[in-house]
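Enquirer: Here it is, the structure in full.
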Amino acid sequence: MPDSAYVITGPTSGFGRRTALELAGHGTVVLVGRDAAKLDDVRGSIESGGGKAVSVVCDLSDLAGVRRAAAQIIELGLPIAGVLNNAGIFPNRPGANALGWDLAYATNHIGPFVFTEILAPHLEDGTQVVFVVSAVEDPDRKAATMSGFRGARYISAEASARGEWVPGGSKLPGADAYATSKQCNLATVLAFARETPRLRFNAIEPGFAPGTNLGRDANLFLRLLSKYVLSPLAPLIKYWTNPGTAARVITRVLTGESDATGVYYDEKGRPMRGSAQVHDPAFNARVVAETRALLKTVPARAK
Ligand SMILES: NC(=O)c1ccc[n+]([C@@H]2O[C@H](COP(=O)([O-])OP(=O)(O)OC[C@H]3O[C@@H](n4cnc5c(N)ncnc54)[C@H](OP(=O)(O)O)[C@@H]3O)[C@@H](O)[C@H]2O)c1
């Protein structure tokens, strides 16, 4: 449908940038990111290719900013056919947002959660809402444990906000916060799919891409190794990908006609299983209920 619109967070780098360019072939792209100049650059690329794009500045770690951005998108009145929650960070040392909440948890889970809850009532029946998640949430995923991950370490929403994870986790800096926040994304998808069957909520694990900016906190040697040595090897390695391939798979899921909801797709666009924990309906409902309860504790001036 040429008059459709697609909302994408984190379109300024990595998977998101390539996906935004792909989506321009399917309709207007609403670019949601924290850096106005970078958004303008992506918008320029889309427009010079004959596409249409709108920029919405939003720092997903800032609750008030998320609410303003969602309201701005609703105000645009575009025929939204899909929303892609793609933005994410993997910091290698703990940080905090303005509320003092763990930065990875706030950026990866809380921001997209609030963004989606505000947009959802305004979306037409059947609208596709996709979250880009990560298989590192699964403690039984061998490729992830071999890289040092120990799966998601969820205690509660309040504990996550404090940056506390189930003890005995990963020695890899930032891994427990990242894996837990990405598990919360997947739990949100599974619970929202049950709660709101008039929309489609799905998740995708795009594959491991060493060349994106996700590892921007790594030292220069690792970043150069990732970009120039590991990235070109990606097509040869199981579960690995590159932004171009991932963008095509993500776009296929986001623009697809399937009625499926609550599905977790792999890097080839095939249904996959996540951890036993995240698939437990009691667990994923608890993640959502605790997230909502945590959000109620935020003082009105910070909302
Ligand atoms: N790379 C992988 O191997 C891999 C594997 C599985 C899943 N993923 C997931 O894929 C998604 C995209 O990651 P990527 O690898 O493409 O990383 P990336 O190149 O670092 O891109 C991340 C995007 O998120 C944006 N972002 C970060 N913090 C933000 C904030 N506070 N507010 C708004 N936007 C923010 C970034 O904006 P700026 O340009 O302004 O920094 C950028 O556009 C993430 O959700 C990640 O968890 C990645």
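Enquirer: Along the Cα→Cβ direction, 7 angstrom out, place labels at Met146 and Asp280. What is the inter-label distance in nm?
Expert: 2.8 nm
Enquirer: Of all alpha-carbon pairs in the chain, indicate the percentage at a distance above 35 angstrom.
Expert: The proportion of pairs with Cα distances above 35 Å equals 11 percent.
Enquirer: Given Cβ point charges of +1 (Lys, Arg) and -1 (Asp, Glu) and nothing else, what value in debye, to the nearest 20, does the dipole of the stretch 5-302 about its Cα centre take?
Expert: 540 debye
Enquirer: Something else now. What are the ³J(HN,Hα) values, in whole Hz, obtained from phi via the Karplus relation 6.51 cos²θ - 1.76 cosθ + 1.60 with θ = phi - 60°, for each residue of the stretch 198-205 in sequence order, with x given for Gly and Pro?
Expert: Along the stretch 198-205, the couplings run 6, 10, 10, 10, 9, 10, 9, 9 Hz.
Enquirer: Right, next: Report the full-extension gain for the segment Arg223 to Arg198: residue separation times 0.36 nm, less the Cα-Cα distance, to one decimal in nm.
Expert: In short, 4.7 nm is gained.
Enquirer: How many Å² of accessible area per residue for the chain, probe 1.4 Å?
Expert: About 45 Å² of surface per residue is accessible.
Enquirer: Rounded to the nearest 500, what is the chain's calculated 222 nm mean residue ellipticity when only DSSP H runs of at least 4 contribute -39500 (n - 2.57) each, over all residues?
Expert: -11500 deg cm²/dmol
Enquirer: Where the accessible area of the chain is counted over protein heavy atoms with a 1.4 Å probe, how much of it, in %, is carbon and sulfur?
Expert: 55 percent
Enquirer: If you take every DSSP beta bridge fully contained in the stretch 5-302, what fraction is antiparallel? Give it as a percent rounded to 5.
Expert: Antiparallel: roughly 5 percent of the beta bridges in the stretch 5-302.
Enquirer: Amide H to amide H, which residues 5 or more places from Phe201 or on other chains are under 5 Å from it, using H placed in the peptide plane?
Expert: Val129, Gly262
Enquirer: Output wanted: per-residue J couplings in Hz (rounded whole) for the stretch 78-86, from phi through Karplus 6.51 cos²θ - 1.76 cosθ + 1.60, θ = phi - 60°, x for Gly and Pro.
Expert: Rounded to whole hertz, the list is 7, x, 6, 9, x, 10, 10, 8, 10.
Enquirer: A follow-up question, please. Divide, for the stretch 145-233, the radius of gyration over alpha carbons by 2.2 N^0.38 Å, where N is the residue count.
Expert: My calculation over the Cα atoms of the stretch 145-233 gives 1.32.
Enquirer: Can you give the extra length, in nm with one decimal, that the chain gains between Leu295 and Val57 once fully stretched, where that is 0.36 nm per residue apart less the Cα-Cα distance?
Expert: Here the answer is 83.5 nm.
Enquirer: Would you mind checking Lys182/Lys296; Lys38/Lys238; Lys182/Lys238; Lys171/Lys296; Lys38/Lys227 for any pair whose Cα atoms are more than 25 angstrom apart?
Expert: Table pairs above 25 Å Cα-Cα are Lys38/Lys238; Lys171/Lys296.
Enquirer: Now for a different question. Within the stretch 196-221, whose backbone N sits under 11 Å from a point 7 Å along Cα→Cβ of Asp125?
Expert: 198-199
The values are calculated or read from the model by the stated rules, or taken from the named source; none is laboratory data. Keep in mind that what you see is a predicted model, and the values were worked out from it rather than measured. When we count neighbours, we look across all protein chains shown, and the Cβ atoms used for this are built from the backbone with ideal geometry, even at glycine. Ligands, DNA and RNA are excluded from the accessible area calculation, which covers all protein heavy atoms including side chains. Shrake-Rupley method; radii C 1.70, N 1.55, O 1.52, S 1.80 Å.
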